[in-house]
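Structure first, commentary second.
The values are calculated or read from the model by the stated rules, or taken from the named source; none is laboratory data. What you see is a predicted model, and the numbers here were worked out from it, not measured in a lab. In this analysis, Cβ positions are derived from the backbone assuming ideal geometry, glycine residues included, and neighbour counts consider all displayed protein chains. Quick note on the areas: whole protein, heavy atoms, side chains included, nothing else; ligands and nucleic acids left out. Shrake-Rupley method; radii C 1.70, N 1.55, O 1.52, S 1.80 Å.
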Amino acid sequence: MNSMYFTEEHQLFRQSLKDFLQKEVVPHIDKWEKTGQIDRFIWEKFGEMGFFGLAYPEEYGGLGLDLFYTVIFLEELQKVNSGGFAAAIWAHAYLAMTHVNKEGDHDIKEKYLTPSIAGEKIGCLCITEPFGGSDVAGMRTTAVKKGDTYVLNGSKTFITNGVYSDYLVVAAKTSPELGNKGISIFIMDRDTAGISATKLDKLGWRASDTGEIAFDNVTIPASNLMGEENMGFPYIMQHFALERLIMGINAHARAEFALEYALDYMKTREAFGRTIDKFQALRHKVADLYTEMEICKEFNYSVAYRLNKGEYVVKEATMSKLQCTKMADEVIYQCLQFLGGYGYMEEYPLARLSRDSRLGPIGGGTSEILREIIAKMVIDNKDYKPAT
């Protein structure tokens, strides 16, 4: 790949990651898709390879590399054809761990970030609630301070790694009367008394565990508060820029994977005496799809470049997720059509890919919510500021 964004070192990393995924991950994907549980050993292997530490400080075992190593990591994860496996990995590495790194103090980082980078502990981020969905400000989970502890009550849902993770990063209202200005972020161990989780049955992302979590008088030390009290909402909003860009990158990568697979198939599939990649109707459809995918990819790279420089790219990241997830769904839908009846068969990758892709316009903020956020910035001149 010739690009202004990737060095020779980036390309060597991409190849080593590809080799690792083909050897250590791909042989187990079908099993994990069936069981809905990813074997523990693979987390440790990712940790041994340093993959969880790409973006994190060397002080805690990370590598402190630029954001384009993360871009490569996300892209290649999409090409093992398991959106669930990819989600479990990146939700740990870039949702839970981002909050630990940004808001956790030194003691919290030593206790949670270091073993997370090593693959010894798995984290999950608990924000979405059964009654709230994308309405983060409307959350009902509370954390009441009692002496040198907080007591949490409430529930979360659609939480990736919500069942099998070792620790939880949880958003709760410490001052409910303040609305979205009364939210705080906490960290707690899975085995803390009062935490229970129920595994959800999903259309796609079958390999990942998605949980509904209940907090029943969960008592944690006050030192488990991350960052400042009542600053949780700005923290969440700030990190949404990274999460949305991640989902945009995931989308262009799975669309690219679908197109590459479909083109290989079309070169060998014959109809009416010639391979189907010679039919103009299909060729022109591929041309359109490939163009849309490439435009999204280049846009994502430019946003990643700006984010890597420290710019607050909340508008651009929101646009990325909105447009790229829409594009990926269309590309994968059409690629399944290129395969005809075989596209509908589970032994071919497009069936799973189409289910997994459908989560894109829903998770991490629905497309409807994203459009309103963009409208506020473009029409109402709303200016979102980073929390830190």
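Quick notes on this structure:
- Cross-link table LYS297/LYS321; LYS102/LYS173; LYS18/LYS109; LYS146/LYS199, entries beyond 22 Å C-alpha to C-alpha: LYS18/LYS109; LYS146/LYS199
- Among the protein heavy atoms, those of TYR150 account for about 0 Å² of accessible surface (1.4 Å probe, every chain in place).
- Equivalent ellipsoid, the stretch 149-255 (semi-axes from 5 times Cα gyration tensor eigenvalues, Å): 26, 20, 11
- Computed [θ] at 222 nm, helices only, for the chain once each DSSP H run of length n ≥ 4 contributes -39500 (n - 2.57): -15000 deg cm²/dmol
- For the stretch 81-189, a Kirkwood radius taken over Cα pairs fed into Stokes-Einstein (37 °C, viscosity 0.692 mPa s) yields D = 227 µm²/s.
- Rg ratio (alpha-carbon, reference 2.2 N^0.38 Å) - the stretch 173-322: 1.55
- For the stretch 26-81 and the stretch 164-188, distance of Cα centres in Å: 27
- For the chain: accessible area per residue (Å², 1.4 Å): 44
- Expressed as a fraction of 2.2 N^0.38 Å, the value expected for a compact globular protein of N residues, the C-alpha radius of gyration of the chain is 1.00.
- A Cα-only calculation for the stretch 333-388 places Rg and Dmax at 18.0, 52 Å.
- Charge dipole (debye, nearest 20) of the chain; +1 at Cβ of Lys and Arg, -1 at Cβ of Asp and Glu: 840
- Hull shadow area, averaged, the stretch 143-207 [alpha-carbon convex hull, nm²]: 5.5
- Modelled FRET efficiency - R0 35 Å, ASP383 with MET4, Cβ distances, 0.05 increments: 0.75
- Note that the stretch 116-155, at 20 °C in a medium of 1.002 mPa s, gets a Stokes-Einstein diffusion coefficient of 173 µm²/s from its Kirkwood radius over C-alpha pairs.
- Descending Cα extents along the principal axes, the stretch 231-309, whole Å: 65, 19, 17
- Length gained when the stretch TYR333-GLU44 is fully extended (0.36 nm per residue, less Cα-Cα span): 100.5 nm
- For the stretch 1-116: Kirkwood Rh in Å [reciprocal of mean 1/r, alpha carbons]: 15.0
- Computed over the Cα atoms of the stretch 234-388, the ratio of the radius of gyration to the Kirkwood radius (Rg/Rh) comes to 1.07.
- The apolar share of the surface of the chain, taken as the fraction of accessible area on carbon and sulfur atoms (1.4 Å probe, ligands and nucleic acids excluded), comes to 51 percent.
- The stretch 211-257: translational diffusion in µm²/s, Stokes-Einstein, Kirkwood Rh over Cα pairs, 4 °C, 1.567 mPa s: 93
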